[in-house]
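Encoded as structure tokens, the structure appears first; notes follow it.
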Amino acid sequence: QVQLVESGGGLVQPGGSLRLSCTASRSIFSINVMGWYRQVPGKQREWVATLISRSPTNIADSVKGRFTISTDNAKNTMYLQMSSLKPEDTAVYYCYATHLGANYWGQGTQVTVSS
């Protein structure tokens, strides 16, 4: 099993930056797929980014050039660095992991972009 704990959300002005963290309960070396989704109330969950071991990262067109995904293996942590934030980026952001065929989700962290 994999437990995921997210942090780093908050309120930021348009054009600002935030970095979200997702810390796993096991070594992320052993996890094949990790990534981020986001969800606005009343809408479907939207894919944001995926990190597959030994493969380039995939970023959604809606955030490409503004969001980047990275890891700190020593801390078992994945990050989502968000810059040039827009009001439409406001959502609850969830990290996920796929390990041995099972999917795991974090509890979500709220990001609000507003002046």
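The values are calculated or read from the model by the stated rules, or taken from the named source; none is laboratory data. From a predicted model like this one, the values you see are computed outputs, not experimental measurements. Ligands, DNA and RNA are stripped out before the accessible areas are found, and what is left, the full protein with its side chains, is counted by its heavy atoms. Shrake-Rupley method; radii C 1.70, N 1.55, O 1.52, S 1.80 Å.
Taking the criterion of being open to solvent by less than 20 Å² (accessible area, probe 1.4 Å) and within 14 Å of the chain's Cα centre (by Cα), the residues of segment 70-108 that qualify are Thr77, Met78, Leu80, Met82, Asp89, Ala91, Tyr93, Cys95, Ala97, Gly106, Gly108. The number of residues in segment 28-59 that are of a type in the set (Gly, Ala, Ser), open to solvent by 30 Å² or more (accessible area, probe 1.4 Å) and modelled with pLDDT of 90 or more comes to 1.
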